[in-house]
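The structure appears right after this line, and notes come after that.
The values are calculated or read from the model by the stated rules, or taken from the named source; none is laboratory data. All of these numbers come straight from a predicted model, not from anything done at the bench. A quick note on method: Cβ atoms are made from the backbone with ideal geometry, for glycine too, and the neighbour counts reach across all protein chains shown. SASA here: full protein model, heavy atoms, side chains in, ligands and nucleic acids out. Shrake-Rupley method; radii C 1.70, N 1.55, O 1.52, S 1.80 Å.
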Amino acid sequence: TFVVGENCIKCKYTDCVEVCPVDCFYEGPNFLVIHPDECIDCALCEPECPANAIFSEDEVPEDQQEFIELNAQLAEVWDNITEKKDAPGDADEWNGVEGKLQHLEK
Ligand code: SF4
Ligand code: F3S
């Protein structure tokens, strides 16, 4: 499965959802997740993310391992998203900022 990592938080560009053939992205207030049971590992979303926030499960950085479980948990409670929408106005300012997990809204 593929996993959305920390740099999506407060960036949420949503380019990823447009290319997913099985529509397995789920949306929270300032972050998106992938449903691990629905993702077919096609890898199409990974290069679409302007924040480079999407990883194959076996390539998730060491310091972001908790995002694997976070994607699985939040995909069960958040709503499906299949169409791109405007990113937050300050998305570019947050792109690359470290330690964004503390800003995750659930
Ligand atoms: Fe969707 Fe493919 Fe990305 Fe999985 S790897 S979330 S199936 S686009
Ligand atoms: Fe997030 Fe990148 Fe998609 S910032 S919403 S994973 S395009």
**Item:** segment 46-51 - phi-based ³J(HN,Hα) in whole Hz, Karplus 6.51/-1.76/1.60, Gly and Pro as x
**Value:** 3, x, 7, 7, x, 9
**Request:** State, in angstrom, two size descriptors of the chain derived from its alpha carbons: Rg to one decimal place and Dmax to the nearest whole number.
**Result:** 12.1, 33
**Item:** Cα-centre dipole for the chain with unit charges at Cβ (Lys and Arg positive, Asp and Glu negative), debye to 20
**Value:** 320 debye
**Rough spin-label spacing in nm, given labels placed 7 Å along Cα→Cβ, for E76 and E38** = 1.5 nm
**Message:** What number comes out for accessible area per residue over the chain if the probe is 1.4 Å? Units Å², please.
**Reply:** 53 Å²
**Request:** Quantify, in whole percent, the carbon and sulfur part of the accessible surface of the chain (1.4 Å probe; protein heavy atoms only).
**Result:** 42 percent
**Request:** Taking the Cα centre of segment 4-55 as origin, sum charge times position over the Cβ atoms of Lys and Arg (+1) and Asp and Glu (-1), and report the length of that vector in debye to the nearest 20.
**Result:** 260 debye
**Asked** Which length gain, in nm to one decimal place, applies between E66 and V22 when the Cα-Cα distance is subtracted from 0.36 nm times their residue separation?
**Response** 13.4 nm
